[in-house]
1. Determine which member of the set 26, 76 is within 26 Å of residue 96 (Cβ to Cβ) and touching a Pro at 6+ places or on another chain (Cβ under 8 Å).
2. Go through 332, 316 for me and flag whichever is closer than 22 Å to residue 150 by Cα, within 21 Å of the chain's Cα centre (by Cα) and modelled with pLDDT of 95 or more.
3. May I ask you to say which residue of 38, 31, 49 is assigned to a loop (DSSP other than H, G, I, E, B) and aliphatic (A, V, I, L, M)?
4. So, in the range 113-132, how many residues would count as being of a type in the set (A, V, I, L, M, F, W, C) and in contact with a strand residue (DSSP E or B) (Cβ under 7 Å, 6 or more places away or on another chain)?
5. Determine whether the range 128-143 contains at least one residue that is within 18 Å of the chain's Cα centre (by Cα) and within 30 Å of residue 217 (Cα to Cα).
6. Only one of 372, 394 is hydrophobic (A, V, I, L, M, F, W, C) and either under 22 Å from residue 162 (Cα atoms) or at pLDDT below 95 (or both). Can you tell me which?
7. Here is a check on your reading of the model: is residue 95 within 12 Å of the chain's Cα centre (by Cα) and under 22 Å from residue 63 (Cβ atoms)?
Amino acid sequence: MVRTNWAGNIAFEARGVHRPTDVDQVRELVARSERVRALGSGHSFNRIADTTGEQISLAELPPRVQIDADASCVTVAGGLRYGDFADRLHAAGFALPTLGSLPHISVAGAVATGTHGSGVGNRSLAASVSGLEVVTADGELLEIRRGHPDFAGMVVGLGGFGVVTALTLDLVPTFELAQYVYDRLPAEDFAEHAQEILAAGYSVSVFTTWRADQLDQVWVKGPRTPDVPGPRWFGATRADAPRHPVPGMDARHCTTQLGESGPWQHRLPHFRMDFTPSTGRELQSEYFVPRTDVVAAYRALDTIRDRMAPLVQTCEIRTIAAEPLWLSPAAERDSAAFHFTWIDDTPAVLALLPVMEELLSPFATRPHWGKLFTCDAATVRARYDRYADFERLLGRYDPAGKFTNEFLDRYFTRS
């Protein structure tokens, strides 16, 4: 039986997948395996989760959700998806400061790859992590907490340090948001007012299909001021019915819009937990640039609009605040990310990516670790100040390369 990732574009080469039911079983599996990788919810689009050895899924571990109200944190099993426990946090009076567009992704997998939501004041999902419980190469269960000298290197760890069985996440008081969608933002208005538009809400996403001289939709989740943008806003028009970011898709799959207030976990994601996310068979790429360069990067990509448009389902422009995690794509710089959802045509997309990467190279672009990209190791290395430190950390925690794979070997050398 061929096993694939969620999108179906990757057929795993792993010999098999194990589904342990407790952490001791994880430790035994790791200790006796020559090569092993953790397998999350399968929402990566490259071979970062693959191995020539064994895969371990954490989906069958006990669904641990341990709220510490006094410390404003929660410890959760690594295999849980954000949508599995967000309602419980809200009921206890707490929230996570941000969520990704999909509540269906596993916590450990999202953190390990630097996955994020949007908002000029919101850092990635990994930034909420204050502790990791990780099974290392010899089967030992380590607890690494914020303040440990290796912590900032291990959080966005790409699965290279072991199997993360649990994470402790910082919490904030629960809150509500309303979501508004605006249609047809003229490109010239975006270029002139991009920073103001992207800062207009707690979370803002701009969508374009690159098929016209306009951006198709702007999703504003919770205005940052008491003043809600009016029916006309920077040349865009407030939607009079719910929207889906991919043209032609059913908006009932999306979270509630039209200004109806609701709890954070039902507004911050774009898609509802009780529906299959996004469109199914698709490909994804994402590139991070400094937020101050978002307009210049947009204009650079717009020069090949005619080449991108036939392959794009939608492109989302979103923002991520700077954070100190070594391999976060938003490490040490406020960022804007161009997230592409492509049609399911791998050869055509892979042929286009180098052209895009060359256009974006003046902005020291960083690709999302879990998406499709073609940048070589030297290019990626030059974009991170702590890259060599990360390699040394890999060599110290996994000298024999038990957790390595083709993807990690391509980009990192253990030193």
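1. Numbers: 76 fails: touching a Pro at 6+ places or on another chain (Cβ under 8 Å).
Going through 26, 76 in turn, the sole match is 26.
2. Values: 316 fails: closer than 22 Å to residue 150 by Cα.
Answer to the selection: 332.
3. Working: 38 fails: assigned to a loop (DSSP other than H, G, I, E, B); 31 fails: assigned to a loop (DSSP other than H, G, I, E, B).
When all the criteria are applied, what remains is 49.
4. Applying the first criterion (of a type in the set (A, V, I, L, M, F, W, C)) to the range 113-132 yields 120, 125-127, 129, 132.
Now drop any that are not in contact with a strand residue (DSSP E or B) (Cβ under 7 Å, 6 or more places away or on another chain), which leaves 120, 127, 129, 132.
Selection size over the range 113-132: 4.
5. Yes.
6. Details: 372 fails: either under 22 Å from residue 162 (Cα atoms) or at pLDDT below 95 (or both).
Sole residue among the options that is hydrophobic (A, V, I, L, M, F, W, C) and either under 22 Å from residue 162 (Cα atoms) or at pLDDT below 95 (or both): 394.
7. Details: within 12 Å of the chain's Cα centre (by Cα): no; under 22 Å from residue 63 (Cβ atoms): yes.
Answer is no for this residue.
Here's the yes/no breakdown for (1) closer than 25 Å to residue 6 by Cβ; (2) crowded, with 21+ Cβ neighbours inside 10 Å; (3) free of Cβ contacts under 8 Å to residues at least 12 places away in the same chain; (4) charged (D, E, K, R):
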position	(1), (2), (3), (4)
285	yes, yes, no, no
288	yes, yes, no, no
295	no, no, no, no
306	no, no, yes, yes
327	yes, yes, no, no
336	no, yes, no, no
343	yes, no, no, no
357	yes, no, no, yes
360	no, yes, no, no
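The values are calculated or read from the model by the stated rules, or taken from the named source; none is laboratory data. Note that the structure is a prediction, hence the values are computed from the model and not measured. Please note: Cβ atoms are built from the backbone with ideal geometry, for glycine as well, and neighbour counts cover all protein chains shown.
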